[in-house]
1. Give me the percent relative contact order of the chain, please, defined on Cα pairs under 8 angstrom at least 6 residues apart.
2. Determine the percent antiparallel among the DSSP beta bridges restricted to the chain, to the nearest 5.
3. Hey, any idea what Rg/Rh is for the range 1-117, computing Rh the Kirkwood way over Cα pairs?
4. Using 0.36 nm per residue, how much length does the chain from Ala382 to Glu12 gain when fully extended, once their Cα-Cα distance is taken away?
5. Relative contact order of the range 1-62: what whole-number percent is it, with Cα pairs under 8 angstrom and at least 6 residues apart?
6. Given a cut-off of 22 Å, name the pairs among Lys92/Lys250; Lys11/Lys376; Lys179/Lys230; Lys5/Lys199 whose C-alpha atoms lie farther apart than that in the structure shown.
7. What are the ³J(HN,Hα) values, in whole Hz, obtained from phi via the Karplus relation 6.51 cos²θ - 1.76 cosθ + 1.60 with θ = phi - 60°, for each residue of the range 289-300 in sequence order, with x given for Gly and Pro?
8. Per q in 0.06, 0.14 1/Å, what log10 I(q)/I(0) does a Debye calculation on the alpha-carbon atoms of the range 66-352 return?
Amino acid sequence: MDKFKHSVFLKEENCTGCITCLKRCPTEAIRVRNNKAHIIAEFCIDCGECIKRCPHHAKRSHRDHYEDLEGTYKYLVAIPAPSLYSQFNNIKDVNIILTAILMTGFDDVVEVSAAAELVSFASRKFIKENPDKWPLISTACPTIERLIRVRFPNLISHLLPILPPMEVAAEIARTKAMKETGLNAKDIGIVFISPCPSKVTFKNSPLGLEKSNVDEVIAIKDYYPILLSKMKEAEANKIDGLSTSGKIGKSWAASGGEAYGTGSENYLAADGIENVMQVLEALEDEKFGNTLEFVELNSCNAGCVGGVFTIENGYMAKAKNKILARNSEALGKKYALSPDELEEIFTTYDHFKWTKPVTYEPVFRLGANMMDSMQKMSEVEAILNKLPGLDCGSCGAPTCRALAEDIVTNTDGANISDCIHLNLRNSEE
């Protein structure tokens, strides 16, 4: 089993042993033992839900920092996520933000939203050409890919095998920089300005390709103060033409935007990890049949605008995103490229497809093989019959079943005596 280089981690000295994170983790990847939380790496999908929920800021995320980039590369290119644009108030022209990015020290800027339009067009063609795979599930959110990979293996064949906009933008940015500067690829740093920790994990352990085209991932919330300090100057000295994306690309920042870009009328869009889990369970149970063409799923509430690394409230940012997208449409920019230019690019679109298959990772299997798993399942059921079934989390596991599984698999030294309700019952007897 290959190991992800996870971005989410625990800062142990901040952890008080409360079970807030334990109860909100969608894959039951957290345990609390000896008054400290512990993340089971194989189960973690880097959704960042624990970072959002921890009242003591004990859950953190590894990422790169803008301050550390100086001198690392000869030429730096920023590729901002579309969600960056909606973090500011009263911005009607994205060129102001892109100008400010250049003023902070980047040599060039290439919009991920422009690459999103290329991905939209590639997705549209793939969906149309592969009705036998309906509903096709978006792969733009790395957390969703990992969730399906470990929890919903029957849905892997429905994953849309198209690279995410971040990767397409990075490749475009590097090719452009090499052509304009004559530098070697390794001398050019491609820096993604990210709304979430999931993209950090994807950079380190990509799905669908061997190696990420992105060199560094910095958080919007870290970079925001630096960028904000340049906004007034950027407004006065705005460089027109930096923004090339239209309504389609900018709409990707919020839930429903990717589906809109595919042009499909038979789609489902859901955001928020708990809602996503319910949709995936329904898809696995084939409740939708083949009536849906496309399913867009975002682990963060409201979409990428609600990511852990953002500043603005996700739903406020979503409202701002709609205004920016409408402004682009009012300027006659639905796509950055004309339909004829898009058709010319997509005579063949193999360049946008995965180069490596995504495979099932059976991290939740109890035993080494089917026979062993069946035996352990019987042991789990026997232990469950003794437990109260309250799923209170006081034992340090999120549910009674999780505790029983931990006992059988000897995870973190779990013991049936960890159940305080069972201990109380036994003492009363």
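Values quoted throughout were computed directly from the atomic coordinates according to the rules given, and no laboratory measurement underlies them. What you are looking at is a predicted structure, and each value in this text was computed from that prediction instead of being measured. Backbone-built Cβ (ideal geometry, glycine too); neighbour counts: all protein chains shown.
1. RCO, the chain: 21 percent.
2. That works out to approximately 30 percent antiparallel.
3. 1.09
4. Contour length minus the Cα-Cα distance gives 129.8 nm.
5. Reported as a whole number, the value is 44 percent.
6. As for pairs spanning more than 22 Å Cα to Cα, those are Lys11/Lys376; Lys179/Lys230.
7. x, 10, 6, 8, 8, 9, 10, 9, 10, 10, 5, 8
8. The Cα Debye sum returns log10 ratios of -0.17, -0.99.
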